[in-house]
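*Asks:* One structure follows; several queries about it will come next.
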Amino acid sequence: MLPISKMAAAVQPSATLAAGAKARQLKADGQTVFDFSLGEPDFNTPAHICDAATQAMREGKTHYTPAHGIAELRGSIAKLYRKTYGLEVSPEQVIVSNGAKHSLHNALAATVGPGDEVLIPTPYWVSYSDLVQMTGASYQLIPTTEAAGFKMTAAQLKAAISPRSRLVMLNSPSNPTGCVYTHQELEALADVILEAKLGVISDEIYERLVFGNATATCFATLRPGLPETTITISGVSKSYAMTGWRMGWALGPLAVVKAMANVQSQETSNPSSISQYAAIAALEGDQGCVEEMRREFEARRDLVCRRLNELPGIRCPVPDGAFYAFFSVQNHIGRTLGGRKITDSTAFCAAALETAHVNLVQGSAFGMEGYVRLSFATSREQIHQGVDQLARFLQG
Ligand code: PMP
Ligand code: GLU
């Protein structure tokens, strides 16, 4: 019999991907599903990006590339950070991978292992805990509250640091809450981090999707010393509707990026050559498409929050970024809905799917009970219909 390793046995399937797969299966079985599970733009990749990929294929750019990505793309990424945030990075400090999830894996694999601890503000994106565990390191969750905007304070971080703490994971704009830390809030965290000599993985994948007066901050730029201790992660999946192309990146201190490149060279070799050329077109081409999609997400945010807050017993804080509404269902815990006793967020989501055909993700998958995540990366029509369904469902 083939054994299953301890590491693999401990890994949970991604709850968000599992929820998306469930919706796909139900639809294939002919059922109607109002699917708000996956954080994936419903737009197709803009045409000029697809054209660049086609051209790359026609020109024979279909071979292995350097494992850490072609110089031209790494140059484009370095230029982007210089231009957008004033962060000086060389192309050698950039590595491109098979999606930001892979970049996160490489970053963790290159920096922590057994005996080390990673600090994770909670709620957190589903994959962080499993990705940390896969390295043999452990994690400590730092719980936040809705009243605090789901943000970790500097005092909370300071109190959580142990002698084994090595890294802090930051994610602003956040998945699943959509909260966006201000410059000042991040500066306060930076001071604690620098004093405790911790490293940072700053996952900034939603940086282009901010609403109203909110602005995204590149954490590494906040204080001298941070570029030497921070790995910045981002990618094209969310900003350019390119989830299927699997194209993410990391940038940071040269020694760490080299270590990540070594891991990648043994693990996957280069990410798709064709996707790399598409990513160059995305970053260097007209940015109008990004703003167009951002504006639509903002309109959907306004719509979904207004509609959810009209529902009995639902409280939905307004997110400043990303495309998630993270709302409280605490008032419904203990009720019976759709013939099912609502004991927690998982039971709420199961009943909503069974009875109302509305597919949401339970807050517990993100480390926070009593809440539910709704991805509004879907049409306004779907949002209206789905919330109508939820309204009927909540009547019991
Ligand atoms: N970080 C966060 C916070 C995310 O929500 C996602 C979504 N998949 C990722 C990283 C990974 O993105 P991808 O691998 O598609 O680039
Ligand atoms: N990040 C998205 C989400 O949270 C996509 C799913 C995933 O990569 O796990 O829904």
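The values are calculated or read from the model by the stated rules, or taken from the named source; none is laboratory data. Quantities reported herein were computed from a predicted structural model and do not represent experimental measurements. Every residue, glycine among them, receives a Cβ derived from its backbone with ideal geometry; neighbour counts consider all protein chains shown.
*Asks:* Are any residues in the stretch 237-260 assigned to a helix (DSSP H, G or I), surrounded by fewer than 21 Cβ atoms within 10 Å (Cβ to Cβ) and more than 11 Å from ligand 1 (Cβ to nearest atom), and if so, which ones?
*Replies:* Correct list: Leu254, Ala255, Lys258, Ala259.
*Asks:* For the stretch 190-209, which positions are over 14 Å from the mean Cα position of the chain (by Cα) and either in a strand (DSSP E or B) or over 19 Å from Leu104 (Cβ atoms) (or both)?
*Replies:* Hits for the stretch 190-209 are Ala190, Asp191, Val192, Leu194, Glu195, Ala196, Lys197, Gly199, Val200.
*Asks:* Another one. Among the residues of the stretch 107-118, are any within 20 Å of the chain's Cα centre (by Cα) and closer than 30 Å to Val318 by Cα?
*Replies:* Among the residues of the stretch 107-118, at least one is within 20 Å of the chain's Cα centre (by Cα) and closer than 30 Å to Val318 by Cα, which makes the answer yes.
*Asks:* Return the pair list, or none, for Cβ contacts closer than 8 Å from residues in the stretch 73-86 that are under 25 Å from Ser272 (Cβ atoms) to residues that are part of a helix (DSSP H, G or I) and of a type in the set (S, T, N, Q), at least 6 apart or on different chains.
*Replies:* Listed by first residue and then by second, the contacts come to Leu73/Gln276; Ala78/Gln93.
*Asks:* Being aliphatic (A, V, I, L, M), in contact with a His (Cβ under 6 Å, 6 or more places away or on another chain) and modelled with pLDDT of 95 or more: is that true of Ala322 here?
*Replies:* Against the criterion (aliphatic (A, V, I, L, M), in contact with a His (Cβ under 6 Å, 6 or more places away or on another chain) and modelled with pLDDT of 95 or more), Ala322 does not qualify.
*Asks:* Could you grab the pairs with beta carbons closer than 7 Å, sequence gap of 6+ or different chains, first residue in the stretch 26-49 and over 24 Å from Val387 (Cβ atoms) and part of a loop (DSSP other than H, G, I, E, B), second one at pLDDT 95 or above and within 16 Å of ligand 1 (Cβ to nearest atom)?
*Replies:* Final answer for the pair search is Asn44/Ala241; Thr45/Tyr240; Thr45/Ala241; Thr45/Met242; Pro46/Tyr240.
*Asks:* When both residues are 6+ apart or on different chains and their Cβ atoms are under 8 Å apart, which pairs have a first residue that lies in the stretch 233-246 and is in contact (Cβ under 8 Å) with a residue 24 or more places away in the chain, and a second that is within 11 Å of ligand 2 (Cβ to nearest atom) and among the β-branched types (Val, Ile, Thr)?
*Replies:* Ile233/Ile205; Ser234/Ile205; Gly235/Ile205; Ser237/Ile205; Ser237/Thr243; Lys238/Ile205
*Asks:* Which residues, taken from the stretch 174-213, are more than 16 Å from ligand 1 (Cβ to nearest atom), hydroxyl-bearing (Ser, Thr, Tyr) and touching a residue at least 60 places away in the same chain (Cβ under 8 Å)?
*Replies:* none
*Asks:* Could you say whether any residue in the stretch 216-225 is within 16 Å of ligand 2 (Cβ to nearest atom) and surrounded by fewer than 23 Cβ atoms within 10 Å (Cβ to Cβ)?
*Replies:* No, the stretch 216-225 contains no residue that is within 16 Å of ligand 2 (Cβ to nearest atom) and surrounded by fewer than 23 Cβ atoms within 10 Å (Cβ to Cβ).
*Asks:* Of the numbered conditions (1) buried (at least 19 other Cβ atoms within 10 Å of the Cβ); (2) assigned to a loop (DSSP other than H, G, I, E, B); (3) within 16 Å of ligand 1 (Cβ to nearest atom), Ala67 fails exactly one; give the number of that condition.
*Replies:* Answer for Ala67: the failing condition is (3).
*Asks:* Then there is this: Quick one: count up the residues across the stretch 145-161 that are in a loop (DSSP other than H, G, I, E, B) and out of contact with any strand residue (DSSP E or B) (no Cβ under 6 Å at 6 or more places or on another chain).
*Replies:* Here the count works out to 9.
*Asks:* Continuing with this model, one more query. From (1) of a type outside the set (D, E, K, R); (2) in contact with an Asp or Glu (Cβ under 6 Å, 6 or more places away or on another chain); (3) without any contact (Cβ under 8 Å) to a residue 24 or more places away in the chain, pick out the condition that doesn't hold for Asn359.
*Replies:* Result: Asn359 passes all but (3).
*Asks:* Would you please list the contacts, defined by Cβ atoms under 6 Å and residues six or more apart or on different chains, that run from a residue in the stretch 289-318 that is within 16 Å of Arg208 (Cβ to Cβ) to a residue that is polar (S, T, N, Q)?
*Replies:* From the stretch 289-318, the pairs are Val290/Ser239.
*Asks:* Pick from Ser239, Ser234: which is closer than 20 Å to Glu92 by Cα, within 16 Å of ligand 2 (Cβ to nearest atom) and hydroxyl-bearing (Ser, Thr, Tyr)?
*Replies:* Ser234
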